[in-house]
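Q: Here it is: the structure, laid out below.
The values are calculated or read from the model by the stated rules, or taken from the named source; none is laboratory data. Source: prediction; values computed, not measured. Positions of Cβ are backbone-derived with ideal geometry, glycine not excepted, and every protein chain shown enters the neighbour counts. Ligands, DNA and RNA are excluded from the accessible area calculation, which covers all protein heavy atoms including side chains. Shrake-Rupley method; radii C 1.70, N 1.55, O 1.52, S 1.80 Å.
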Amino acid sequence: SVVTNPADIHRKGKEKHTKTDRIDAQLIARELKDGRLDCIRIPDVEREELRSLFRRRNDIVKDIRRNKSRIKMQLLYFGIKIPEEFNNDKWSHKFRNWIDAVHFTHPTAKSALEGRMRTFRFLDKEKREISTQLRAYCRKYHKEDYYLLRSIPGIGGIVACGILSELGDLRRFNNIKQFAGYLGLAPGIYQSGENSRGTGITKRANKIMRSYFVEASWQAIRADPVMQAYYRKHVHRNSKSIIIKIARKLASRTLAVVKTGIPYEPGVVQ
């Protein structure tokens, strides 16, 4: 049996606009006969189960973000202004206590807010417990790679767990071009004759890990002098484009650290 990516099966112009089971079978048979079907990597059971826990955490993070928006929406709807000191993404215990003390004219609105806060506290506790389980599992069963990844500025415990669960063993990638392409950090290009233009990063990506690498890059430019110098050198350009380039550099360092087995040492700017 060969497991392949449907998007990698070549289609002629007419076949792109017509899809039937018969045409799909003919395309697969044609590609198989010509030897152009590449098998994708199938994760083992251990990695599949680890990935399920990591994705459960991602789902909870989305639910927390959605629940926070609903709580703020209710406060704004009833004209209750959030103090400036609490108007940020981090919900401290002091801010949570302030929400608990909010007064409404009638008890029904208070009950709705209390229900949303119970949901928020449950999700927050669940996220913390799953994060602890992920880090403990990776420290126990993937100790070498986990601590190699943690040595890289910007990559914390959760990002390291994400790499191990979503990407598996990075040693299977031959070079940074393959690794960046898998993450979706490879630049696209459209060239015809003398005309050539970039099309941004490719849409084909592991979107979860691409977002984690981008987030880790913002931390890397604070901790790594070389990354920080590169960012400041190009700061006059679009910051979103620069952070993608830094994410690719971070991916390159990640692959090199895992393949060589040598912990990362931050560079020094002369």
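Q: With the condition kept exactly as written, say whether any residue in segment 246-263 is under 17 Å from Leu183 (Cβ atoms), over 20 Å from the mean Cα position of the chain (by Cα) and of a type in the set (D, E, K, R).
A: yes
Q: Among all residue pairs at least 6 apart or on different chains, which show Cβ distances below 8 Å where the first residue, located in segment 78-93, is aliphatic (A, V, I, L, M) and the second is open to solvent by less than 60 Å² (accessible area, probe 1.4 Å)?
A: Ile80/Val102; Ile82/Lys72; Ile82/Leu75
Q: Another question, if that's okay. What residue, of Arg55, Arg51, Arg22, is open to solvent by 70 Å² or more (accessible area, probe 1.4 Å), modelled with pLDDT of 85 or more, assigned by the TED database to the domain that holds Glu114 and not polar (S, T, N, Q)?
A: Details: Arg51 fails: open to solvent by 70 Å² or more (accessible area, probe 1.4 Å); Arg22 fails: assigned by the TED database to the domain that holds Glu114.
Going through Arg55, Arg51, Arg22 in turn, just one is open to solvent by 70 Å² or more (accessible area, probe 1.4 Å), modelled with pLDDT of 85 or more, assigned by the TED database to the domain that holds Glu114 and not polar (S, T, N, Q): Arg55.
Q: Would you say Arg57 is out of contact with any Lys or Arg (no Cβ under 7 Å at 6 or more places or on another chain) and not β-branched (Val, Ile, Thr)? Please lay out each step first, then the result.
A: Details: out of contact with any Lys or Arg (no Cβ under 7 Å at 6 or more places or on another chain): no; not β-branched (Val, Ile, Thr): yes.
Here the answer is no, as Arg57 does not meet what is asked.
Q: Here's a follow-up. Can you pull out every residue in segment 134-168 that is assigned to a loop (DSSP other than H, G, I, E, B), of a type outside the set (A, V, I, L, M) and touching a residue at least 40 places away in the same chain (Cβ under 8 Å)? Walk me through it before giving the result.
A: If we filter segment 134-168 for residues that are assigned to a loop (DSSP other than H, G, I, E, B), which is where we start, we get 142, 151-156, 168.
When the remaining residues are screened for being of a type outside the set (A, V, I, L, M), the result is 142, 151, 153-154, 156, 168.
Across segment 134-168, the qualifying residues are Ser151, Pro153, Gly154, Gly156, Gly168.
Q: Could you check segment 66-99 and list, in sequence order, the residues that are over 32 Å from the mean Cα position of the chain (by Cα) and surrounded by 11 or more Cβ atoms within 10 Å (Cβ to Cβ)? Explain how you work it out, then say what you get.
A: Going residue by residue through segment 66-99, those that are over 32 Å from the mean Cα position of the chain (by Cα) are 77-81, 98.
Residues satisfying the conditions are Phe78, Ile80, Trp98.
Q: Run Phe179 past the list (1) under 26 Å from Ala7 (Cβ atoms); (2) at pLDDT 95 or above and report the number of the one that doesn't hold.
A: All conditions pass for Phe179, except number (2).
Q: If you check Arg118 against the conditions, is it assigned to a helix (DSSP H, G or I), without any contact (Cβ under 8 Å) to a residue 12 or more places away in the chain and either loosely packed, with under 11 Cβ neighbours inside 10 Å or not hydroxyl-bearing (Ser, Thr, Tyr) (or both)?
A: So Arg118 fits the description; yes.
Q: Looking at Arg22, Arg57 in this structure, which one is in contact (Cβ under 8 Å) with a residue 40 or more places away in the chain and at negative phi?
A: Checking each option against the conditions leaves just Arg57.
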